[in-house]
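Worksheet: one structure, shown below.
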């Protein structure tokens with residue numbers, strides 16, 4: 001399988017320096033542009049191989065390795081996700097979102113006790129949207145009302 005990744009190449013004096021926004025931890029350098037690109041490709045290959053071996057997951061600019069999960073278990077989990085059909089993945093996302101909602105409501109009830117459905121809705125909105133958007137959309141300031 002062949003993949004295409006973006007590369008940014010800049011000249012710094014006598015050197016060419018390359019990085020890939022798609023693989024933030026990989027970079028290359030060389031006295032010629034060809035040498036620089038070759039070194040970037042090697043660096044990308046090493047990073048991707050390490051991620052496959054350790055089960056690392058990339059989120060934005062960070063590589064996350066669950067502290068309580070062995071590399072083997074992480075690989076098995078990722079392989080399981082890859083084998084899922086799109087419908088199964090969508091159902092999984094729905095279930096995770098539902099679990100998140102249950103946890104958020106539990107946190108709010110624990111912190112504020114018995115509250116009205118309207119207040120629960122506003123507090124959930126504040127968790128998801130943030131203060132600025134809540135004030136703008138609903139005229140409700142979580143800093144004044146509390147989270």
> Using the per-residue mean of other Cβ atoms lying within 10 Å as a proxy for protection, in what order, highest first, do the peptides 4-12, 39-47 fall?
Replying inline: 39-47, 4-12
> At 222 nm, what helix-only mean residue ellipticity would the chain give, in deg cm²/dmol to the nearest 500, using -39500 (n - 2.57) for each DSSP H run of four or more?
Replying inline: -19000 deg cm²/dmol
> Using the per-residue mean of other Cβ atoms lying within 10 Å as a proxy for protection, in what order, highest first, do the peptides 15-22, 86-93, 100-107 fall?
Replying inline: 15-22, 100-107, 86-93
>> Below 8 Å between Cα atoms, with a sequence gap of 6+, how large is the relative contact order for the chain in percent?
In response: 9 percent
> Assuming R0 = 25 Å, what is the FRET efficiency of residue 50 and residue 83, from their Cβ-Cβ distance, to the nearest 0.05?
Replying inline: 0.65
> Hey, got the Cα dimensions of the chain along the principal axes, in Å, largest first?
Replying inline: 66, 39, 28
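Every read-out reported here was derived from the displayed coordinates using simple, explicitly stated rules and does not represent laboratory data. In this text, all values refer to a predicted model and were calculated from it rather than measured experimentally. Every residue, glycine among them, receives a Cβ derived from its backbone with ideal geometry; neighbour counts consider all protein chains shown.
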